[in-house]
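Right, one structure below, let's go through it.
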Amino acid sequence: MGKSFMSNQATVGHAIPVVMSRESQIARYARQRRWEEYRYVLYTLPLLIYLLTFYLYPVATMLVRSFQGPNGLTLEYFAQLFESPAYSRIFWETIKLSVVTTVWALLLAYPLAYCMAQASPTRTGVMMALVLVPFWTSVLVRSYAWMVLLGREGIVNQFLLRFALTEKPVELLYSRFAVYLAMVHILLPFMVLPLYSVMAAMDRNLIRAADGLGATPRRIFQHIVLPLSIPGIAAGCLLVFILALGFYITPALVGGPRDMTVSTLIGQQLEMYEWNFAAALAAILLGIALISFAVFDKAIGMDKLFKR
Amino acid sequence: MRNTRSFNGASVRVDNLSKFYGDVAAVADISFEFAASEFVTLLGPSGSGKTTTLMMIAGFEIPTAGEIFINDKPVASEPPRSRNLGMVFQNYALFPHMSVFDNVAFPLKMRNLPADEIKRAVGEALEVVNLVGYDARLPRQLSGGQQQRVAFARAIVFKPPVLLMDEPLGALDKNLRQRLQLEVKRIQRDLGVTVIYVTHDQEEALVMSDRIFLMNRGGVEQSGSPEDLYNRPRTAFVAGFLGETNFLETNVRATRDGMLDLTIGETLVRAPFTEAFPSGAGKLAIRPEKLWISSSAAADANCLPCTVTETIFVGDHLRLVAELPTGEKLAIKQQERFGSDHPEPGSRMMVCWHPQDGRVLSAAPR
């Protein structure tokens, strides 16, 4: 009798922990799920801290400074820019420089990216290396290389003189032409890579299908390849344009006095301890970059770039 | 104005066509002729050369040797756009940035037809594939089956004399695939277009084709009507690829009364005479549904003693596995009506078939 009671007890006693453990199991799953969400935040935490400290904080300080006059908030530094025709000219020239650089980079990169997407894997690899090798070289080195090439005694002029294509050395260096040449060269990979990634992802059968349905190569390009590569075009242009806006060393080295960019102007102002005005100039550059980005996002959509 | 439902198919002829990739022959010297308005299937395992053959007819692959004729006109050196063929790709290859209407209208726009005619023809094509009202959708807003229909409409809207289809139903689930098989077949019959259809699915080939070309290792193993290939396979590959087949090692002894005398183990059996019958060693092919299990040998039937090793009830029939004294195993599909007594596994029975249901094939693969 006692024995059977004991065994009953044991069964009942067993049942309770089972029920409890199921509830705690649900709680444990919920905890686990929450932990998995937090884990991703945790992974990005080092980078977040780094960006907050060394990027966001200085940018915020700069923005604050651009509005901060001796007697509280002011727009006088921004006004200063628009009051002086010399300053606004530098702004327009910088934008023009960036636009022209972007257009040239696009015109040169598009056929290259198309070739890369069509070629065999080995050839694509070679072309990719050729695009990337200059990319790994410092901007300074590449700018000096252009100086060596374009100078009065440079290789290009030596060639022109040797073959009597010109009587005296051509002024290639310290010109807008030299700035375009060097900047397009330096920024080309930023155009090629997004274009290539979009074109490589394009289904080859689409081109075959269009061909089979009666489209000539020109119309295949017009109706299929071009529309489908728009996200790549937009991303490449955005990248090159925003980077070109902030170019400093290259225009300063290979450009003439009329090729002064906003970045150079900012540098000058800093040397003269005009911190607030420099901050206002930088804020406007940042504004232009953000606006172009917003236009891109609205027109094309950032998600298009990362589509699966 | 011509009706969509009456355009003429073209004949397709291929002469000594080969395609080499380096030293590897993807297609090795094949020749065939398809009649106008015929539904022909190139069937075969992957790597058999069926898709390469189709791509050469379409013009996307350039043949290493040989010529392709469409309505007796050589086309091998023409680009795809001037061959005027409809093509349905395995992944449909719909233009992702164009609406259903623009996708279907594409071949007509490339032919510079006037807008009102394009509108009418696209409407008709979408009606044929049962997609009226879907004009404005983008491909990604459609299900797989609907995308397949759009691809089909785009391929027939310009009334090509030949329609090429590369495993067009491969990505769809089984039920939908079976429905679309019949639909494609119906549309083909209505339109009268010649269809060259590539698939690795033997069932699909049997259901849809007027003629099947079974390909293997870059060549045509056997061609003929579905019934022909299924019931009269000439090689072990054909018998094994189409449907389920048992192969028994056999020796051909003699020809008598238009039949072959064979031995399987020690037992003498008979089989129909085949032109390509090998003397000596060969394989006897028998379909599982032609075999039955019985407790005694039947007159006029080939019977071998066996041990039943497995009995599985599959609803409409029984699946049995019988082991012969030679150690060979036979799969048997037995209808329930042959007797309600399920042979117990382990029981010693007879496995029988009618002599005309066996086929002697060469033992050596091609």
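Could you run through region B:271-293 and say how many residues are modelled with pLDDT of 85 or more and either open to solvent by less than 50 Å² (accessible area, probe 1.4 Å) or at positive phi (or both)? Before you say what the answer is, go through the steps one by one.
We begin by selecting, within region B:271-293, every residue modelled with pLDDT of 85 or more; these are B:271-272, B:283-293.
From what is left, the residues that are either open to solvent by less than 50 Å² (accessible area, probe 1.4 Å) or at positive phi (or both) are B:271-272, B:283-288, B:291-293.
Of the residues in region B:271-293, 11 are modelled with pLDDT of 85 or more and either open to solvent by less than 50 Å² (accessible area, probe 1.4 Å) or at positive phi (or both).
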Here the residues within region B:140-167 that are open to solvent by less than 50 Å² (accessible area, probe 1.4 Å) and more than 24 Å from residue B:80 (Cα to Cα) are B:142, B:144, B:145, B:146
Can you tell me which residues in region B:302-329 are among the acidic types (Asp, Glu), part of a loop (DSSP other than H, G, I, E, B) and at pLDDT 90 or above? B:328
Do we find a residue being within 14 Å of chain B (Cβ to nearest Cβ), part of a helix (DSSP H, G or I), within 30 Å of residue A:55 (Cα to Cα) and touching a residue at least 12 places away in the same chain (Cβ under 8 Å) anywhere in region A:201-208? no
Can you give me the ranges of the strands (runs of 3 or more DSSP E) entirely in region B:18-75 with at least 1 residues that are over 18 Å from the mean Cα position of the chain (by Cα)? B:24-34, B:65-70
Does residue B:69 satisfy being surrounded by fewer than 18 Cβ atoms within 10 Å (Cβ to Cβ), more than 13 Å from chain A (Cβ to nearest Cβ) and touching a residue at least 24 places away in the same chain (Cβ under 8 Å)? yes
From the options B:149, B:232, B:211, B:177, residue that is farther than 25 Å from residue B:49 by Cβ and either assigned by TED's automatic domain parsing to the domain that holds residue B:61 or at pLDDT 95 or above (or both): B:149
Looking at (1) away from chain A (no Cβ under 14 Å); (2) acidic (Asp, Glu); (3) farther than 23 Å from residue B:188 by Cβ, which is the one condition that is false for residue B:124? (3)
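Restricted to region B:206-222, and to residues that are closer than 21 Å to residue B:27 by Cα and within 10 Å of the chain's Cα centre (by Cα), which residue is most open to solvent (accessible area, probe 1.4 Å)? Break it down into steps so the answer makes sense when it comes.
Taking region B:206-222 and keeping what is closer than 21 Å to residue B:27 by Cα, we get B:211-222.
Restricting the remaining residues to those that are within 10 Å of the chain's Cα centre (by Cα) gives B:211-215.
Values: B:211: 64, B:212: 0, B:213: 9, B:214: 0, B:215: 0 Å².
Restricting to residues being closer than 21 Å to residue B:27 by Cα and within 10 Å of the chain's Cα centre (by Cα), the top hit is B:211.
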Of the residues in region B:97-107, those that are open to solvent by less than 10 Å² (accessible area, probe 1.4 Å) and facing another protein chain (nearest Cβ under 9 Å) come to B:106, B:107
Between B:172, B:113, B:94, which is within 12 Å of chain A (Cβ to nearest Cβ), part of a loop (DSSP other than H, G, I, E, B) and surrounded by fewer than 20 Cβ atoms within 10 Å (Cβ to Cβ)? B:113
Cβ pairs under 7 Å, 6+ apart or interchain, first in region A:219-245 and facing chain B (nearest Cβ under 10 Å), second among the charged types (D, E, K, R) and crowded, with 22+ Cβ neighbours inside 10 Å, ordered by first then second residue, are A:220/A:211
Here is a list of conditions, (1) assigned to a helix (DSSP H, G or I); (2) farther than 17 Å from residue A:106 by Cβ, and residue A:186 meets all of them except one; can you say which number that is? (2)
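Residues of region B:174-199 being under 22 Å from residue B:100 (Cβ atoms) and out of contact with any Leu (no Cβ under 6 Å at 6 or more places or on another chain), which ones? I'd like the intermediate steps shown before the answer.
Our first condition is that a residue be under 22 Å from residue B:100 (Cβ atoms); within region B:174-199, this holds for B:176-177, B:179-180, B:183-184, B:186-188, B:190-191, B:193.
Scanning region B:174-199 gives B:176, B:179, B:183, B:184, B:186, B:187, B:188, B:190, B:191.
The values are calculated or read from the model by the stated rules, or taken from the named source; none is laboratory data. What you are looking at is a predicted structure, and each value in this text was computed from that prediction instead of being measured. Cβ coordinates were reconstructed from backbone atoms using ideal geometry, including for glycine residues, and neighbour counts include every protein chain displayed. In case anyone asks, the SASA skips ligands and DNA or RNA and just uses the protein heavy atoms, side chains included. Shrake-Rupley method; radii C 1.70, N 1.55, O 1.52, S 1.80 Å.
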